[in-house]
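Below is a structure I'd like to ask you about.
Each reported figure results from applying straightforward, stated rules to the coordinates on display, with no laboratory input. The structure displayed is predicted, hence computed values, not measured ones. Here the Cβ positions follow ideal geometry from the backbone for every residue, glycine too, while neighbour counts run over all protein chains shown.
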Amino acid sequence: MTDHHYPRHSWLTPDVRIAASPIQGQGLFATAAIPAGRVVMRLGGPLIDDATLASLTPPYSSLTVASGWHLHLDPTHPVRYGNHSCEPTLWHTDATTVVARRPIQDGEELTIDYATHTGIETWTMTCRCGSAICRRTVTGHDWRLPQLQHVYGDHWTPPLRDRIRRDLADRVLRSPNGDPAGHRRPAGDQQPRHPSQACPRPAAPAGLAR
């Protein structure tokens, strides 16, 4: 069992209201401007292992905080209304702390990419945001996508961040020229900046679901 102590209860900034969402059902919306980097929520709940998580009946809310370990979020807490988006306004700074990814305007929906905290590789969720860059399906193995690794940097829960680092190291070792992508880039060529993304979410057993 992990020896890290996680919050038993979630916390949500008071500058939020619950309202009908164009993404799905109800969502969380800012009631005041929120600057980039401000803590918006801290996620908490009982610590459960993979077997216990697999035994739960959807819908439920959880996030992966360590290898084989997850927090089961309180289904009555308003954080459960946090919708998924492929162009999220929020992201993780550690396993349980979620901050504004960019300045958020009064009235904007507060969203997070479920792939950044979902460690169950078999989990999937249909995405119907209508964005030109919508992933259509969000999965527990989206952490493997190079464009998401680039866009989110270190803003994944720790076990997913560790997987990404190991994956990048393995790709470098397998590549004869040290390029994780397996091809040589011209000198001075920069990794392309991936555009932002946006998307909704149906009930998600391994994300902030309801």
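Which of the listed residues, Ser85, Leu56, Leu145, is farthest toward the dipole's positive end in the range 11-174, when Lys, Arg count +1 and Asp, Glu count -1 at the beta-carbon?
Selected residue: Leu145.
When the chain is fully extended, how far beyond the present Cα-Cα distance does Thr76 get from Asp154, taking 0.36 nm per residue of separation?
Separation in residues times 0.36 nm, less the Cα-Cα distance, equals 25.1 nm.
State the Kirkwood hydrodynamic radius of the range 11-174 in Å, one decimal place, computed from all pairs of distinct Cα atoms.
Mean inverse Cα-Cα distance, inverted, gives 16.3 Å.
Moving on to the next point. Would you mind calculating the gained length between Arg38 and Glu108 on full extension (0.36 nm times residue separation, minus the Cα-Cα distance), in nm to one decimal?
Between Arg38 and Glu108, full extension yields 23.7 nm more.
Could I ask something else about it? Placing unit charges on C-beta atoms (Lys and Arg positive, Asp and Glu negative, everything else neutral), compute the dipole magnitude of the range 11-174 about its Cα centre in debye, rounded to 20.
340 debye
Relative contact order (percent) for the range 53-117, with alpha-carbon contacts under 8 angstrom and 6 or more residues of separation?
Reported relative contact order: 29 percent.
Per 0.36 nm of contour for each residue apart, how much would the distance between Thr31 and Thr52 grow if the chain were fully extended, relative to their Cα-Cα spacing?
3.9 nm
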